[in-house]
Amino acid sequence: MDHDHHAHHHMPEEVTGASSITPLQHDHGHEHGGNGDMECPMQMIFHLGHCEAILFQSWTVKEVGGFVGAAILIFVVAVLYEGLKYLREKLYYDAHQMEFAQDKEGSTQNLRNTSKPIRQQIFNKAHIIQTFLHLIQVSVSYALMLIVMTYNVWLFLAVVLGACMGYLFFGWIRNRSVDITEHCH
């Protein structure tokens, strides 16, 4: 074996001044993990593959069956994400409707100008629940965004179609939660 060729092949690109890997070749040194399994390549363009690392290294699917199962799970999470958004709206609306009903003077003053101290408003049970649901909503939304950023067409469709199906199932709640005392629809 020619030692100069061997040394050149394993030297970093910065030292040799040229890449030993062209875009059409595979770098076999990065293809295999520590246990000899082939890793899924990260592609920054939309692709139709079924080998994908989804959110975590431990959630890597390589077979079609596992990939389909992951896509179905992602679809369901996207549906539930839309449901969570409307649940928060409904809880908010219901909580504020009760506050209006409990107003002894019967006025329709702006709830933000109530005489309750700020501490009571912040640590109100309904607001604490809303905060916890907001934490879940933000976490799930970023996770779905990162799944879309795998650039896998099938996972992208799972997120988008799941969100659309969620809107279909839960979107009517917004239409029903319109304040009937509001005359400017």
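The values are calculated or read from the model by the stated rules, or taken from the named source; none is laboratory data. Predicted model only: the values in this text are computed from it and were never measured. FYI the Cβ positions are ideal-geometry reconstructions off the backbone, even for glycines, and counts take in every protein chain you see. In case anyone asks, the SASA skips ligands and DNA or RNA and just uses the protein heavy atoms, side chains included. Shrake-Rupley method; radii C 1.70, N 1.55, O 1.52, S 1.80 Å.
In the set (1) at pLDDT 85 or above; (2) open to solvent by 90 Å² or more (accessible area, probe 1.4 Å), residue 59 fails one condition alone, (2).
Any residue at all in segment 109-122 that's at pLDDT 85 or above and among the β-branched types (Val, Ile, Thr)? Yes; the residues of segment 109-122 include at least one that is at pLDDT 85 or above and among the β-branched types (Val, Ile, Thr).
Matching residues to (1) open to solvent by 60 Å² or more (accessible area, probe 1.4 Å); (2) among the polar types (S, T, N, Q); (3) not in a helix (DSSP H, G or I):
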site	(1), (2), (3)
50	yes, no, yes
66	no, no, no
75	yes, no, no
78	no, no, no
84	no, no, no
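Residue 30 satisfies every condition listed in (1) modelled with pLDDT under 85; (2) open to solvent by 80 Å² or more (accessible area, probe 1.4 Å); (3) in contact with a His (Cβ under 7 Å, 6 or more places away or on another chain) except (3). Scanning segment 138-177 for residues that are among the polar types (S, T, N, Q) and either open to solvent by 30 Å² or more (accessible area, probe 1.4 Å) or touching a Cys at 6+ places or on another chain (Cβ under 8 Å) (or both) yields 139, 141, 175.
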